[in-house]
1. Which value in Å is the Kirkwood Rh of the range B:135-287 over different Cα pairs?
2. Using only the Cα atoms, work out Rg/Rh for the range B:171-243, with Rh taken as the Kirkwood radius, to two decimals.
3. Determine how many Å³ per residue the convex hull of the Cα atoms of the protein assembly as shown encloses.
4. So who's got an amide H within less than 5 Å of the one on B:Val7, skipping anything under 5 residues away but keeping other chains? H placed 1.01 Å off N, in plane.
5. In a shell of Cβ-Cβ distance under 12 Å around B:Thr258, excluding B:Thr258 itself, what net charge do Lys and Arg (+1) and Asp and Glu (-1) give?
6. Chain B: longest stretch without exposed trypsin sites (Lys or Arg not before Pro) (DSSP loop, at most 10 other Cβ within 10 Å), sites themselves excluded?
7. Take B:His192 and B:Leu110, extend 7 Å from each Cα along the Cα→Cβ direction, and tell me the distance between the two endpoints in nm.
8. What residue among A:Ile17, A:Ile32, A:Ile65 has the largest mean-square fluctuation in a Gaussian network model of chain A, using Cα springs under 10 Å?
Amino acid sequence: MKTKKGYRLRQLGKEYILVAEGLEVMGANQMISMNETAAFLWEAVEGKTFDTEALAKLLVDEYGISMEVAEKDVTALLQTWNKAGVIED
Amino acid sequence: MKKTYRVAGHKFAVVMPDNDAAWNEMGPYEPFVCVDASDCLFTAELLDAMPDTSDKQKVTVSCEGPDMPRIELYEWRGQWLMEMAPLLEAPVRAYLLTDKTFYEAKFRILGSIRFSLGTSLMLMFAFATARKNTLLMHSSVTVKDGKGYLFLGKSGTGKSTHSQLWINNIEGCSLLNDDNPVLRVMEDGEVHVFGSPWSGKTPCYQNIEVPVGAIVNLRQAKKNTIRRMSLVEAYAAMYVSFSGYRFIKEMADGLHATNEKVVGTVPCYALDCLPDAEAAWLCYKTVSQ
């Protein structure tokens, strides 16, 4: 899967939001609030093709958690992203 | 003839033939006339004919509702071309051609002079100031005790009505602008609100500047309640209350930086309300603390 074009990650104080800014998503007026982990992953894979395993590996490397926990977290996050329509196959 | 105007501290010049009827529609701009014509952010010149732009490339169309203006954006020979209509389904009534730095614009009037002039100059103002800590807002603003209170909300929510409720019920309130005030983050970090020559249907064109007391996002409801918004909520409420082409990266970056400073500085509230005096009192008592 990959991230959809037109979304831009913005930092707001200590928080992060993904904003629909591009022509591809114009009129969506969409904003998705993200925690630090989600923002870290988005930034790492923005514009690239990735899978659950690749994201989980990033989490393992960055936060030193087990692959099992990482995969669980990533699966939940990808469901959220899918629902919000910010990633595509 | 060329005249210079200063809105929220930003200067721009309008160039039109001496005896053109459009000068008669510049009444709302009179309070903003500026003698010193140096350092203009942009110049807008009236054309009596447009160049042949038939090889233009469509970029996007924007319209916020059936009763709102429609703006078609094209790219033409390295410039932006905007074709504007007063309503979603109406024919094009004005053209605006500008270089991509929004420094030199030409416009052409077909229908209502006021619509063409107002829309062209507002767009130019919003674009030219987007990277200068400035936001051209869609809001009604009331002043009380030297501070400006901005009411936000979708069209038809009752922003103007809420301003009127303050003015009619709370002593010492006055309307600063009813539709398009300008917010600016000043050099010392304080956020100020300015009147402008654009005020929707209410003729209220005041060259006045006051610090912002609070920003209030309105929503119609069956009872009156108010609460402080989180940073993200305030950012989102503001985001839909000012315009700009976000796909132009420098513009989006400028607007984001200003919005971030505004919501980080000014207290922002969400008011669910009826159109009654109690709503005005609840709001005033909460936000003026």
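1. Working: mean 1/r = 0.0653 Å⁻¹.
For the range B:135-287, inverting the mean 1/r across all distinct Cα pairs yields 15.3 Å.
2. Working: Rg = 14.0 Å, Rh = 14.2 Å.
Dividing the radius of gyration by the Kirkwood radius yields 0.98.
3. Values: hull volume 62.7 nm³, N = 378.
Cα-based convex hull of the protein assembly as shown, divided per residue, equals 166 Å³.
4. So B:Val7 has HN proximity to B:Phe12.
5. Working: positive: B:Arg131, B:Lys132, B:Arg184, B:Lys261; negative: B:Asp253, B:Glu260.
So the environment of B:Thr258 carries a net charge of +2.
6. Numbers: sites that count: B:Lys201, B:Lys222, B:Lys223.
The answer is B:1-200.
7. Computed distance between label sites B:His192 and B:Leu110 equals 4.0 nm.
8. A:Ile65
The values are calculated or read from the model by the stated rules, or taken from the named source; none is laboratory data. Since we're looking at a predicted model, the values are computed, not measured. Every residue, glycine as well, gets a Cβ built from its backbone with ideal geometry; the counts of neighbours run over all protein chains shown. The area values use the complete protein model at the heavy-atom level, side chains included, leaving out ligands, DNA and RNA. Shrake-Rupley method; radii C 1.70, N 1.55, O 1.52, S 1.80 Å.
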